[in-house]
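Below is one structure, written out as structure tokens, with a few remarks after it.
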There are 2 protein chains.
Amino acid sequence: MAKAPILTPQADDFPRWYQDLIGKAELADNGPVRGTMVIRPYGYSLWERMQSEVDARIKDAGAQNAYFPMFIPENYLTREAEHVEGFSPELAVVTHGGGKKLEEPVVVRPTSETIINEYFSKWVQSYRDLPLLINQWANVVRWELRPRVFLRTTEFLWQEGHTAHISYEDARDYAARIHRHVYGEFMRDVLGIDVVLGRKTARERFAGAINTLTLEGMMGDGKALQMGTSHELGQNFAKAFNTQFLADSGEREYVWQTSWGVSTRMVGGLIMSHGDDNGLRIPPRLAPVQAVVMAIKGDDAVVEAVRALGDRLKAAGVRVVVDDKTDTPFGRRAVDWELKGVPIRLEIGPRDLEAGTAMLARRIAGGKSPVQLDGVVETVAAILEEDQALLLAQSAERRAARTVDVTSIGEAVEAAATGWGRISWADLGPEGEAKLAEQGVSVRCLVTADGEVPDADDQPGNIAIVARAY
Amino acid sequence: MAKAPILTPQADDFPRWYQDLIGKAELADNGPVRGTMVIRPYGYSLWERMQSEVDARIKDAGAQNAYFPMFIPENYLTREAEHVEGFSPELAVVTHGGGKKLEEPVVVRPTSETIINEYFSKWVQSYRDLPLLINQWANVVRWELRPRVFLRTTEFLWQEGHTAHISYEDARDYAARIHRHVYGEFMRDVLGIDVVLGRKTARERFAGAINTLTLEGMMGDGKALQMGTSHELGQNFAKAFNTQFLADSGEREYVWQTSWGVSTRMVGGLIMSHGDDNGLRIPPRLAPVQAVVMAIKGDDAVVEAVRALGDRLKAAGVRVVVDDKTDTPFGRRAVDWELKGVPIRLEIGPRDLEAGTAMLARRIAGGKSPVQLDGVVETVAAILEEDQALLLAQSAERRAARTVDVTSIGEAVEAAATGWGRISWADLGPEGEAKLAEQGVSVRCLVTADGEVPDADDQPGNIAIVARAY
């Protein structure tokens, strides 16, 4: 197109493209308090769809939703030494309530392991009460020095799962189940992102965990984004909060625990995985709007036809919007739907109507061609399936094309300039990891030679995936 | 029953009955910070069902969900004089973030009119941007001196709708639409509570509103509970935040606004409306579990039969749980389901199986009788319908029986000892209202002689409904 681009091209300045898109597609605004964000209706509708898909999978995994207070007494945080060390620099502290100075300051939850364990220790008596599988959808606060909308915000929305189990093995298996079957399948099957499932090194572990499983996605600029994590907490919080159960043996034992979460950060990952210079591209299974039926002109027959087509698609289970706002020029509306990444546009004008066709524009595969109005429902369904698969394939292709095997720190840093490096963990080790960190490159995760999740950091053959990350 | 009661009987001590039930039915716990609460899974499942029903109705009314930060700069609150006066005594203030003292303290939202107007003033340019209809599901904080779980908590969950319109009439009509068609219909049709829809007096209005519409329910002890409100904000916040639009006429004008909310307080209202000495009674349309199929004993044929029946009911769209936990004595499980208010229990033991029947216990209408397994799906569906209507009828009967017409302040106070009084507002007036307040009785709302919502406080014939309230 000869027109001035609406967005800064990705190739010119990827971060600016991201900011432009968030504004132009009306996804979010910066909040008035530094690092906070206003999630606008279209951005929020993406999050709502993510919530509904993830929530169903969490419930299938047997966990129940609950809600714990966001105000945590400061002394709770200090009970688990690593945890408080990890989170204190990021805390927001309430010192006054109801017009008075509080006797003990209260912290706004950065995560809820501590307060949840306080209650688990009351609720769990015997092995019959286990496993205890709880999830909550909530806002959390971590004071961010370098905020970026959706990716790093002082307040963000997430779900946090917290479970207690009878044994190390049960907890380990449940953390792995959430990692693979809740998060992994959701991200591949719905978000269309070819995430790598791996294990964090000790350096990158959650504060208070004995193991952190992660899902890492490659963004459009080759950087990595941690899309979600699932932690084995061992008995660390159980000991800090005295969460014990009467075992079958008659002994009192500490429970074994997990915690796991995904957040509004996924919206950022979605944008940076699939977006292009014309805007978002939303995978059909996620899309709040899968198809838009547009009236090119405002004459009665056209408006009637777009509404009728909208009804037919809706009846067929397609999430559809009818755009008959013909007061606004057609071109502007089309660009806007393109920006918003709606997978299919069906455009109808008087000539199309006469021919019994609509012009079908595909946002994901690209291209535009006329379709018969008769068979349009089937066509739309087929394209949605096809384009869902296409996005995942493109995500996988990018990762394959931009990941290289490397054997030295120098090569690893070079690889991280445009994508990911794969390096033997036995060769790199924690010392090499520290050297990489000095250059802004981190070990995103460890995987086995077969690409599986290793059972231990020092498992022979482990590969470290290294990259720059958001 | 001769056994010691599980709950304090309502007639002995209604507030203690309420507390007992909340603990025994595992609805909630007190949080560690004064006035906060932990909503346990069963309590939360009631809230989730409320959310899903209300959310669908809000979307039908054209509003879209979004999310605004919970941290509000202190100076926003002070821009609308009545608003800050109303809310300052209840604020929680964050003074430290990320290890540093903040330059400007930040308030945790008690409600979001201020921060939302800040953005409305950016988003609204012309009359084409109106109406702007936004809703958010969020937690809010109001420091409570006399907290009570679900009814008055320092942190609670709610939805808050915020809209901007082109004219006074549009805003007024939308506030009324939410009041009647979103909240009123939900509370009657789903919660089964015969709420009164009325108008608040100036004394009881929301801080910053020009009119507050309310829904008042009569609880089991005759007291009133404000179940939800819908406000006309006039141009008060628009002026404070300079939210203007370019009108059709070419002039810049201030928008007209509404705000409206319902909260986790509704869970308290549900408990106190329908609960009895044996526990909760959940209206079928709301119930997370509409029917439980219980194995009386653990023999294989019985367990198989309850699972099969569970599958049949599920296939028919009934929200059903199979209770085959025969390690726990049957009586204890039955009492627990009763406490939790599940509308229908289907109990199957070896003898029932032989006879091709199940014992059906009705939590709402009461009674227990055998039903043929063959026709049980139809029976269950019919009972659920019947019991939904029964709860609403009982709620209406209670209100009729415990509401009396009075003509003096003395009589009004007497009426409020056991229920509600109705008194001519022309006779009572703001001075009489103040006198009532000294005795702990308030005007819950004004209604017309026909029971409609008046257009003004001083509309001739207005009746004040007076009561003690939670």
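The set of residues in segment A:302-330 being charged (D, E, K, R), buried (at least 20 other Cβ atoms within 10 Å of the Cβ) and assigned to a helix (DSSP H, G or I) is empty. Filtered by the rule that a residue be modelled with pLDDT of 95 or more, more than 7 Å from chain B (Cβ to nearest Cβ) and open to solvent by less than 10 Å² (accessible area, probe 1.4 Å), segment A:38-77 gives A:G43, A:L46, A:W47, A:M50, A:V54, A:I58, A:A61, A:A63, A:I72.
The single condition among (1) open to solvent by 10 Å² or more (accessible area, probe 1.4 Å); (2) over 33 Å from the mean Cα position of the chain (by Cα); (3) among the small types (G, A, S) that B:A295 does not satisfy is (1). Looking across segment B:379-407, not a single residue is free of Cβ contacts under 8 Å to residues at least 12 places away in the same chain and hydroxyl-bearing (S, T, Y). Scanning segment A:193-219 for residues that are crowded, with 20+ Cβ neighbours inside 10 Å, in a loop (DSSP other than H, G, I, E, B) and of a type outside the set (D, E) yields A:I193, A:V195, A:K200, A:T201, A:R205, A:F206, A:G208, A:A209, A:M219.
Yes or no, residue by residue, for (1) farther than 23 Å from A:V318 by Cβ; (2) within 20 Å of the chain's Cα centre (by Cα); (3) open to solvent by 10 Å² or more (accessible area, probe 1.4 Å):
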residue	(1), (2), (3)
A:G228	yes, yes, no
A:N236	yes, no, yes
A:K239	yes, no, yes
A:Q244	yes, no, yes
A:V262	yes, yes, no
A:H274	no, yes, no
A:P284	no, yes, no
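Looking across segment B:156-182 at every residue that is open to solvent by 10 Å² or more (accessible area, probe 1.4 Å), more than 17 Å from B:F237 (Cβ to Cβ) and touching a strand residue (DSSP E or B) at 6+ places or on another chain (Cβ under 8 Å), the one that is nearest to the other protein chains (Cβ to nearest Cβ) is identified as B:L157. Just one of the listed residues (A:E118, A:E113, A:E82) is out of contact with any Cys (no Cβ under 8 Å at 6 or more places or on another chain), surrounded by fewer than 16 Cβ atoms within 10 Å (Cβ to Cβ) and farther than 30 Å from A:S273 by Cα, namely A:E82. Checking the stated criteria, B:R188 turns out to be open to solvent by 20 Å² or more (accessible area, probe 1.4 Å), out of contact with any strand residue (DSSP E or B) (no Cβ under 9 Å at 6 or more places or on another chain), not in a loop (DSSP other than H, G, I, E, B) and not assigned by TED's automatic domain parsing to the domain that holds B:Q459. When the residues of segment B:93-119 are filtered to those that are more than 14 Å from B:Y67 (Cα to Cα) and part of a loop (DSSP other than H, G, I, E, B), the one that is farthest from the other protein chains (Cβ to nearest Cβ) is B:P110. Inside segment B:27-37, residues that are more than 8 Å from chain A (Cβ to nearest Cβ) and either of a type in the set (D, E, K, R) or open to solvent by 40 Å² or more (accessible area, probe 1.4 Å) (or both) make up a count of 2. Among the residues in segment B:369-378, are any touching a residue at least 24 places away in the same chain (Cβ under 8 Å), closer than 26 Å to B:L46 by Cα and surrounded by 13 or more Cβ atoms within 10 Å (Cβ to Cβ)? Within segment B:369-378 (the criterion being touching a residue at least 24 places away in the same chain (Cβ under 8 Å), closer than 26 Å to B:L46 by Cα and surrounded by 13 or more Cβ atoms within 10 Å (Cβ to Cβ)), the answer is yes, since at least one residue qualifies. Condition first: in a helix (DSSP H, G or I) and among the aliphatic types (A, V, I, L, M). Can you find one or more residues in segment A:224-241 that meet it? Yes, segment A:224-241 contains a residue that is in a helix (DSSP H, G or I) and among the aliphatic types (A, V, I, L, M). Looking across segment A:121-135, just one residue is facing chain B (nearest Cβ under 8 Å) and open to solvent by less than 10 Å² (accessible area, probe 1.4 Å), and that is A:I134.
Selection within segment A:246-260: residues that are over 29 Å from A:V54 (Cα atoms) and among the aliphatic types (A, V, I, L, M). The member of this set that is most open to solvent (accessible area, probe 1.4 Å) is A:L246.
All conditions in (1) touching a strand residue (DSSP E or B) at 6+ places or on another chain (Cβ under 6 Å); (2) among the hydrophobic types (A, V, I, L, M, F, W, C); (3) part of a helix (DSSP H, G or I) hold for A:A417, with the sole exception of (1). Within segment A:432-460, the set of residues being in contact with a Ser or Thr (Cβ under 8 Å, 6 or more places away or on another chain) and without any contact (Cβ under 8 Å) to a residue 24 or more places away in the chain comprises A:Q459 only. For segment B:78-89, the set of residues classified as out of contact with any Gly (no Cβ under 6 Å at 6 or more places or on another chain) and within 12 Å of chain A (Cβ to nearest Cβ) consists of B:F87, B:S88, listed by residue number.
Among the residues of segment B:136-147, the ones that are open to solvent by 60 Å² or more (accessible area, probe 1.4 Å) and either of a type outside the set (D, E, K, R) or touching a Pro at 6+ places or on another chain (Cβ under 8 Å) (or both) come to 1 in all.
Residue count for segment B:389-410 under the criterion of being of a type in the set (S, T, Y), open to solvent by less than 60 Å² (accessible area, probe 1.4 Å) and not in a helix (DSSP H, G or I): the result is 2.
For segment A:38-59, the set of residues classified as over 10 Å from A:V267 (Cβ atoms) and of a type outside the set (D, E, K, R) consists of A:V38, A:P41, A:Y42, A:S45, A:Q51, A:S52, A:V54, A:A56, A:I58, listed by residue number.
The values are calculated or read from the model by the stated rules, or taken from the named source; none is laboratory data. In this text, all values refer to a predicted model and were calculated from it rather than measured experimentally. So basically every Cβ, Gly included, is an ideal-geometry build from the backbone, and we count neighbours across all protein chains shown. These area figures cover heavy atoms from the full protein model, side chains too; ligands, DNA and RNA do not enter into them. Shrake-Rupley method; radii C 1.70, N 1.55, O 1.52, S 1.80 Å.
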